[in-house]
Amino acid sequence: MKTKPCPVLYADRLERLAVLENLARQGKIDLFYGDESRVSSQGYVPYGWQFPGESVCILAQRGYHLNCFGLVSRSSQCHWATTTATITAGFVADQLETLAVGLRKETVVVLDCARIHTGQLMQSRLKTWQAHGLFVFFLPPYWPHLNLAETLWRKLKGEGLRPEDYLEKDTLFYAVNRCLANVGHELVINFSPFNLN
């Protein structure tokens, strides 16, 4: 049975997130939404069209994938890293560490409540990051629609990657990294304004 989200916690976090969004809109802080995803050699086909009697296929190989960690802002600024290994708390912490040492203004990273985000390793580094001006804000459980990074992954898989990118492992991995490097340029995501309702 799926656990239902706590409406009181949701309302509280949504109100706090609205404050952060307002500060970011005023340019007082940078605000990024973070998450992980996997791009698989089996491809991503949410739907398709074909003429009657026409056969349509995407050639793909099984057995390889690329794991991605990304941080994206509402203005499509993106920080990202990819790996063929499993993404662990250590991997996420290292990416946030890299971000923290190069900050120019106070920055908030919004993450979901996944164990790799809330575990002991991440908690042990929070004070160090805060000293650099990096703060972590956790979304309430079971509300992924609040995380802009979910849109980043949908756009990457649905619009950024082409069918021919899936033909070989190297072309897929290159294409994923190319797309992530071009977020905000060739891969533009028009996020709607934050809505408190």
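Each value in this text was obtained by applying a stated rule to the coordinates, not by laboratory testing. It should be emphasised that the depicted structure is a prediction, and the values quoted were computed from it without experimental measurement. Cβ atoms come from the backbone with ideal geometry, glycine included; neighbour counts cover every protein chain shown.
Applying the criteria of a DSSP loop state and at most 12 other Cβ atoms within 10 Å to the GluC sites (Glu not before Pro) of the stretch 120-197 yields 186. Computed about the Cα centre, the dipole magnitude for the chain is approximately 440 debye when only Lys and Arg (+1) and Asp and Glu (-1) carry charge, each at its Cβ.
A run of the chain free of exposed loop cleavage sites, with chymotrypsin sites (Phe, Trp or Tyr not before Pro) counted only in DSSP states other than H, G, I, E and B and at most 10 other beta carbons within 10 Å, reaches its longest extent at 50-197. Beyond 32 Å in Cα-Cα separation lie the following of the pairs 28/127; 127/157; 105/155: 127/157. Projecting the Cα atoms of 102, 158, 143 onto the dipole axis of the stretch 95-197, where Lys and Arg carry +1 and Asp and Glu carry -1 at the beta carbon, places 102 farthest toward the positive end. Placing +1 on the Cβ of every Lys and Arg and -1 on the Cβ of every Asp and Glu, with no other charges, gives the stretch 91-197 a dipole of roughly 300 debye about its Cα centre. Multiplying the residue separation of residue 54 and residue 10 by 0.36 nm and subtracting their alpha-carbon distance yields 11.1 nm.
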